[in-house]
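Single-structure report; data block below.
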Amino acid sequence: MAVAVAGNTSEDLQYNGKITWLVTLSCIIAASGGLLFGYDTGVTGGVTSMESFLKKFFPGVYIQMKEDTNLSNYCKFDSQLLTSFTSSLYISCLIASFLAAPVTRDYGRKPSIIIGGVAFLTGAVLGGVAENIYMLIIGRLLLGVGIGFTNQSVPLYLSEMAPPKSRGAFNCGFQLCVGIGSVVASFTNYGTEMIKGDWGWRISLGMASLPALVLIVGALFLPETPNSLIQRDHDYGKAKRLLEKIRGIDDVQEEFDDLVAASEASKAIKHPFKNILERKYRPQLVMSVAIPFFQQVTGINVISFYAPILFMTIGSGVSASLLSTLVLGIVATSMTVVSSLVVDKLGRRAIFHIGGIAMFITQMMVGGIMGAKLGEHGAMSQGYNILVVVLICIYSCAFAFSWGPLGWLVTSEIFPLEIRSAAQSINVGVNFFCSALISQTFLAMLCHLKYASFFFFGVWVALMTVFVYLLLPETKNIPIEKVDTIWREHNFWKRFYKENKIQEPLLSSHEPIA
């Protein structure tokens, strides 16, 4: 199957404008919403490996880890109650992402970001002072509400504010903040693990309130996106003035006309979750489900959630496993920076392919080494232990270069305005559903499949790389309100337009709007 996209080049579709300080600062503040997701993801695995935390909330797991010498290396942490501590957050994220859709659409991207920050702050405080499992889980649920709202609204905000030629770099800022948050969490865990008593894990969980405060305070000063102003308030004058300000020029008529045309089209959509099921939106619907699904079955959340536990499984001590996790986060985050610098030059598809191949090779090697060298009891030699850590680092770097940032970038730039909030909610919802499922089942999977767990994820990585090659067109440098052209010209997806006789959108053919 040919996959090239013919027709107009991205240069033919460009708007006027430049990168301004207003856009840069606004996107930095909004992207800090990724700190919430990253910190929680990074802190969870470290906290669940701390002995004082396990003794207080999961004594059965602590006994398995310390006293049951007959238990397999792969099964020491197999506890549905322990995994519910992780997965409860993502179930909450799933529900919150759908509640966030009407808020983001009807009230704007900015209020949705603030709501997410407040909910996350409340959950962080409750987790830090938790005295029983119920307080702990309620805190996790509130953290999930915060992440659900921010992950739904922040990528949209970034894609709508950024100039088309630099949209990839700006949107990658979200994943960069996810990585930074994870590194900060790993560093915090490494320090607090040495604190005696309950204070260690309490500080780790409570520190999640700091990125939430940063986001809340910063978001109060954010401008709303021009797309949202036109869609909600129909205040064309205010929206055009803002567009001129964020683009740094007076000649924004073409882009403004396209935003108004997209808004007019969105008025006809009364029930976006129903309308997205129509045949003409089939490419976007497929991508809103497939991309987040594939992002999770890379196995990255196994590393993110359970890296310290995984390193302890292969024979590292608690401190050594937390240190390995910290190094892992630093190296992976650096690759997100590299991705943001090249994504608008290499394109999305090339980066997906590079990352997919690297992840597949490293997953297969880790599974092979653990299968050959790690038995049911004891530990691997130090040399193989280090090799596994290095391979996991390479795998994490490949994800941070490709599916990490691009999973959020591509799904935030391919939806027309009329279904954008609904489609983003589906994207976030699928992402969190798969996160919850994997986080709830992985420790049981590790116990039963053992080293073959890595082969399982490796096969999925191969399948999703083929999927991108065949079905995902390139979106590099294409304005967000003109991205519909890539589906109309794709050799597979164009049939959903031709068979329905969809008219070409009148994006810039109408009279200029003052």
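The values are calculated or read from the model by the stated rules, or taken from the named source; none is laboratory data. As the structure is a prediction and not an experimental result, all values here were calculated from the model. Positions of Cβ are generated from backbone atoms using ideal geometry, with glycine treated the same way; all protein chains shown enter the neighbour counts. All accessible areas refer to the heavy atoms of the entire protein, side chains included, with ligands and DNA or RNA removed. Shrake-Rupley method; radii C 1.70, N 1.55, O 1.52, S 1.80 Å.
Overview of values
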| item | result |
| --- | --- |
| Cα-based helix-to-principal-axis angle, 21-31 vs the chain, degrees rounded to 10 | 40 |
| Inter-label distance, nm, simple model (7 Å from Cα along the C-beta direction), Ser381/Val342 | 3.5 |
| Largest-first ordering by accessible area, 1.4 Å probe, given options Lys450, Lys267, Lys482, Lys18 | Lys18, Lys267, Lys450, Lys482 |
| Accessible area (Å², 1.4 Å probe, nearest 10) - Thr24 | 30 |
| Cβ-derived FRET efficiency at R0 51 Å, Phe492 paired with Ile133, nearest 0.05 | 0.55 |
| Chymotrypsin sites (Phe, Trp or Tyr not before Pro), loop per DSSP, at most 14 other Cβ atoms within 10 Å - longest free stretch of the chain | 222-491 |
| Simple label model, 7 Å out from Cα along Cβ direction - Phe456 to Ala350, nm | 3.6 |
| Lys55/Ile249 FRET efficiency (R0 60 Å; Cβ-Cβ; nearest 0.05) | 0.45 |
| Cα long-axis angle, helix 133-161 against the chain (0 to 90 degrees, to the nearest 10) | 30 |
| For region 162-305: Kirkwood Rh in Å [reciprocal of mean 1/r, alpha carbons] | 19.6 |
| Alpha-carbon radius of gyration plus Dmax, which is the widest Cα pair, for region 67-219 in Å | 17.7, 59 |
| Cα gyration tensor category, rounded, prolate or oblate, for region 326-393 with a/c compared to 1.5 | oblate |
| CD proxy at 222 nm, helix term only [per DSSP H run n ≥ 4: -39500 (n - 2.57); per residue of the chain; nearest 500] | -24000 deg cm²/dmol |
| Cysteines not pairable in the chain (beta carbon separation under 4.7 Å absent) | Cys27, Cys93, Cys172, Cys177, Cys393, Cys397, Cys434 |
| q = 0.13, 0.28 Å⁻¹: log10 I(q)/I(0) that the Debye formula gives for region 186-237, counting C-alpha atoms only | -0.54, -0.97 |
| Listed residues Asp344, Asp235 arranged by accessible area, highest first, probe 1.4 Å | Asp235, Asp344 |
| Stretch gain in nm, segment Phe273-His234, where the contour uses 0.36 nm per residue and the Cα spacing is subtracted | 11.8 nm |
| Within the chain, longest stretch clear of exposed GluC sites (Glu not before Pro) (DSSP loop, no more than 15 other Cβ within 10 Å) | 132-277 |
| Whole-Hz couplings from phi, Karplus 6.51/-1.76/1.60, listed for region 469-474; x for Gly and Pro | 4, 8, 10, 9, x, 7 |
| Along principal axes, Cα extents of the chain, largest first, whole Å | 77, 49, 37 |
| Contour excess over end-to-end distance, with Cα ends at Glu264 and Leu220 and 0.36 nm allotted per residue | 13.0 nm |
| Helix axis angle, 318-346 relative to the chain longest principal axis, alpha carbon, degrees | 20 |
| Three-way shape call for region 230-306 based on the alpha-carbon gyration tensor, with the a/c threshold at 1.5 | oblate |
